[in-house]
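Visitor: The structure follows.
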Amino acid sequence: MPRPQPPSGARVTQAELVVVANRLPVDHVTDGSGEQSWRRSPGGLVTALEPVMRRADGAWVGWPGKPGIQLDPFEFEGTHLVPVTLSAEEIELYYEGMSNDTFWPLYHDVIAEPRYRRVWWDAYVKVNRRFAEAAAEAAAPGATVWVQDYQLQLVPRMLRESRPDLIIGYFHHIPFPAYGLYSQLPWRRQVLEGLLGADVVGFQRVADAGNFARAVRRVLRYPTKASGIAVPHDHGTTRNVLAKAFPISIDASSYVELSQRPEIRARAAQIREELGNPKKILLGVDRLDYTKGIRHRLKAFGELLEDGKISVEDVTLVQVASPSRERVEAYVQLRDEIELRVGRINGDFDTMGHTAIRYLHQAYPREEMVALFLAADVMLVTALRDGMNLVAKEYVATRTDNRGVLLLSEFAGAADELSSAVRINPHDIDGMKEAIMRAIEMPPAEQGRRMRALRRKVIENDVAKWSQSFLAALETTGTANRAIRRNP
Ligand code: G6P
């Protein structure tokens, strides 16, 4: 049963499970008549954690997504939400600066150049402390706290210092880079120590966990064995921190359900029609981010048109590029480059009735995305580096007809599990062109064989399984570490 709203000024306490993430799982919306409300954000993490949060009477600590909003904790669909206020300046320094202009490019193999600014770091420490304090206040004695992602890497240690009674987990949604790159970070020691405040540090890929363990060995000289890291604790004892891969997934069954709705299937047919019924539709769906390899994809597609291998009457590329981090310079530049390239290709190849690329710089609701997946013959995931890439899994989940081809970059985390996709190296433009032609021409029997294998993987390993396996490992490791603390 949903609880009544706490009275104004009340603090939420006593939650057995606290999730701490940069963003709250809700978006602030204003309707036509000016009425303001909250809507659940789309996204797998929110859906995955909802049942767990309900069961545990959980709390979620996060930023409400706009500057300067001061809000008391409130109740939303069975979860206590604890808003953390960030000023406009803190958003600039902690979120746009340190998180998305330093950590994001550094952790994605310096595809864009990371900038190291001491004022950003100072703001990052300060804001991480604010999140840690809010989490400490929301957690019941002995509770479990689960910290999410690179914006909050210092929170595990801060929490352990203020609340040694807690079991603390951290999940890193993005890649963790090789030591040769990580070592650039002026604060490499503090970040590792921050993360090692957790009992379990989860990663997307085995390689990410390996890179992390290597960084810990090199910088802190702590011994590591299999997935365990021995972290010195009081009185000469050590805590065992588990650093391991827990590949995230999607709520597959909800995508299956959506893909079977008649109105969504009708919408998919309508999309094909509106595009002029090309023989093949290629689809890209990404946040407009330089990690996604959108430029490389456009280059390969443009060259195929130029070479006369495909024509705009037969093949259309639909590229959804949803707006993201629009005040960070690298994103502003990327948008200009992409739009220039799209304009050139369309200018060179469009006819009155057909377009080469239908480019959409917009975000769409899930229903429309599923219709697009159903309309697409080939899904292009060409990331230069990506923690997981859930779009690849969403496409596969919706293809209950066992048709369609997934082209998948080996640099996306999803490539570890989705081995039946057509694998590509996005840096190899000729290889990508060949793979696109192979996908366009793939006989239905081979599509079916590959898609069935892909679907099995995604449906068996859904996001509920991900959260269960992380929380089970956290419970075991956290309880063992607690026993060490009690009996040093
Ligand atoms: C990635 C990150 C998330 C982040 C999301 C959207 O998936 O791993 O932590 O929330 O991008 O980015 P934004 O900056 O808009 O939160």
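Visitor: Rolling a 1.4 Å sphere over the protein heavy atoms, what is the accessible area per residue of segment 252-460, to the nearest Å²?
Guide: 41
Visitor: Another question, then. Which part of segment 49-67 falls in the paramagnetic zone of GLN468, meaning amide N under 14 Å from the point 7 Å along Cα-to-beta-carbon?
Guide: Answer for segment 49-67: 49, 51-52.
Visitor: Taking only C-alpha pairs under 8 Å that are 6+ residues apart, what is the relative contact order of the chain in percent?
Guide: 14 percent.
Visitor: Can you sort THR398, THR224, THR479 by solvent-accessible area, 1.4 Å probe, largest first?
Guide: Most to least solvent-accessible, the answer reads THR479, THR224, THR398.
Visitor: Hey, got the dipole for the chain? About the Cα centre, +1 on K and R Cβ, -1 on D and E Cβ, debye to the nearest 20?
Guide: 1640
Visitor: Taking 0.36 nm per residue of separation and subtracting the Cα-Cα distance, what length does fully extending ASP401 through ASP109 add?
Guide: That pair, ASP401 and ASP109, stretches by 101.4 nm at full extension.
Visitor: If you roll a 1.4 Å probe over the heavy atoms of the protein chains, what accessible area per residue do you get for segment 96-200, in Å²?
Guide: The answer is 31 Å² per residue.
Visitor: If the cut-off is a Cα-Cα distance under 30 Å, which lysines reach LYS433, setting aside same-chain residues fewer than 8 apart in sequence?
Guide: Once the sequence-local lysines are set aside, what remains near LYS433 is LYS279, LYS280, LYS292, LYS299, LYS309, LYS393, LYS457.
Visitor: Would you calculate, for the chain, the mean residue ellipticity at 222 nm contributed by helices, counting each DSSP H stretch of 4 or more residues as -39,500 (n - 2.57) and dividing by all residues, to the nearest 500?
Guide: -13000 deg cm²/dmol
Visitor: Decide, for segment 31-157, between rounded, prolate and oblate: order the square roots of the alpha carbon gyration tensor eigenvalues as a ≥ b ≥ c, take rounded if a/c falls under 1.5, and otherwise choose prolate if a/b is larger than b/c, else oblate.
Guide: prolate
Visitor: Remind me, relative contact order of segment 338-443 in percent, using alpha carbon pairs under 8 angstrom and six or more residues apart?
Guide: Dividing the mean separation by the residue count of segment 338-443 yields 21 percent.
Visitor: Hey, got the dipole for segment 252-460? About the Cα centre, +1 on K and R Cβ, -1 on D and E Cβ, debye to the nearest 20?
Guide: That gives a dipole near 580 debye.
Visitor: What do you reckon, how do VAL216, VAL206 stack up by accessible area (1.4 Å probe), largest on top?
Guide: Largest to smallest exposure gives the sequence VAL206, VAL216.
Visitor: Moving to a separate point now. Given Cα pairs under 8 Å that are at least 6 residues apart, what percent is the relative contact order of segment 252-460?
Guide: 25
Visitor: When a/c reaches 1.5 or more, the comparison of a/b and b/c decides; with that in mind, is the chain rounded, prolate or oblate per its Cα gyration tensor?
Guide: Prolate, since a/c reaches 1.5 and a/b exceeds b/c.
Visitor: Same structure again: Could you point to the residue in SER311, PRO262, LEU374 farthest towards the positive end of segment 252-460's charge dipole, with +1 and -1 charges on the Cβ of Lys/Arg and Asp/Glu respectively?
Guide: Of the candidates, PRO262 comes out farthest on the positive side.
Visitor: About the Cα centre of segment 27-176, what is the dipole size in debye to 20, counting +1 per Lys and Arg Cβ and -1 per Asp and Glu Cβ, all else neutral?
Guide: For segment 27-176, the charge dipole is close to 400 debye.
Visitor: Quick check: pseudo-label points 7 Å beyond the Cα along Cα→Cβ at TYR364 and LYS309, how many nm apart are they?
Guide: 2.6
Visitor: Determine the order of LYS433, LYS126 by accessible area, beginning with the largest, at a probe radius of 1.4 Å.
Guide: The ordering from most to least exposed comes out as LYS126, LYS433.
Visitor: If you don't mind, there's one more thing I want to ask. How would segment 252-460 be classified by its alpha-carbon gyration tensor: rounded, prolate or oblate, with rounded meaning a/c under 1.5 and the a/b versus b/c comparison settling the rest?
Guide: Since a/c stays below 1.5, the shape of segment 252-460 is classed as rounded.
Visitor: Return the carbon/sulfur percentage of the accessible area of segment 252-460, one whole number, probe 1.4 Å, all protein chains in place.
Guide: Taking all protein chains in place, segment 252-460 shows 47 percent carbon and sulfur surface.
Visitor: How large is the accessible surface of GLU16 in square angstrom, using a 1.4 angstrom probe and rounding to the nearest 10?
Guide: 100
Visitor: Enter the accessible area of ASP428 (Å², nearest 10), with the probe set to 1.4 Å and all protein chains included.
Guide: In the full protein context, ASP428 sits at about 70 Å².
Visitor: To continue, here is another question. Express in Å², to the nearest 10, the accessible area of TRP466 obtained by rolling a 1.4 Å probe over the protein heavy atoms while all chains stay in place.
Guide: Near enough 10 Å² of accessible area.
The values are calculated or read from the model by the stated rules, or taken from the named source; none is laboratory data. Remember, it's a predicted structure, so these values are computed and weren't measured experimentally. Every residue, glycine as well, gets a Cβ built from its backbone with ideal geometry; the counts of neighbours run over all protein chains shown. Protein only, heavy atoms only, side chains kept; ligands, DNA and RNA dropped before computing areas. Shrake-Rupley method; radii C 1.70, N 1.55, O 1.52, S 1.80 Å.
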